[in-house]
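Asker: Before anything else, here's the structure in question.
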Amino acid sequence: MKHYPEDHKQAVIRKLVESGLSLGQFAKQESINLSTLYSWRDKYLKVGSSLTESNSLDGWSSEQKFSIVLETAALSEIELSEYCREKGLYPEQVKEWRQSCIEGNQTQAQQRKQLTQERKADRK
C-alpha cells in the first residue's frame, strides 16, 4: 500500500478541481486508483479546504470557462446537456459564460449601443 504525504494529496485534488475532468478521466491520467481519488476528494472538500482559492465563486477559473465555451460551441442542445452532466455543470452556466465571452469582445461602440437599447427597454 502506497502512502502519500498530505501536501501531495492536496496538490492532486487541487489539480483535479482545476482540470475540469471527471474523476475517472483524471484517475487514468494521473495513474491513481479511482477509489483513492474519491476518498481524497471527499476528505478535502468536506473539511472546507480552500483548494479553489484561485478560482471564481462558482469554482471555475476564467481559463476553464473559456475552454468550456470553446469545447461546447458547436454542440447541439442534447450534446451540451450530456457534456454538462459529465463535467458537473448546468447548460445555463455554459450559456451564461458564452454570453460573457461575447460581451467581453465587443467594441466600446457596440457596448454603448447595447446599453442604450437596454435603457430604452427599461423605460418602456
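The values are calculated or read from the model by the stated rules, or taken from the named source; none is laboratory data. These figures come from a predicted structure and were not determined experimentally. Virtual Cβ from ideal backbone geometry, glycine too; neighbours counted across all protein chains shown.
Asker: Which of the residues spanning the range 64-83 are hydroxyl-bearing (Ser, Thr, Tyr) and buried (at least 18 other Cβ atoms within 10 Å of the Cβ)?
Answerer: 72 - this is the single residue of the range 64-83 that is hydroxyl-bearing (Ser, Thr, Tyr) and buried (at least 18 other Cβ atoms within 10 Å of the Cβ).
Asker: Hey, another quick one. For the subset of the range 84-101 comprising residues that are of a type outside the set (A, V, I, L, M, F, W, C) and within 17 Å of residue 23 (Cβ to Cβ), which member is surrounded by the fewest Cβ atoms within 10 Å (Cβ to Cβ)?
Answerer: Among them, the one singled out is 88.
Asker: Residue 64 - would you say it is out of contact with any strand residue (DSSP E or B) (no Cβ under 8 Å at 6 or more places or on another chain), part of a loop (DSSP other than H, G, I, E, B) and at pLDDT below 90?
Answerer: No; evaluated as a whole, the condition is false for this residue.
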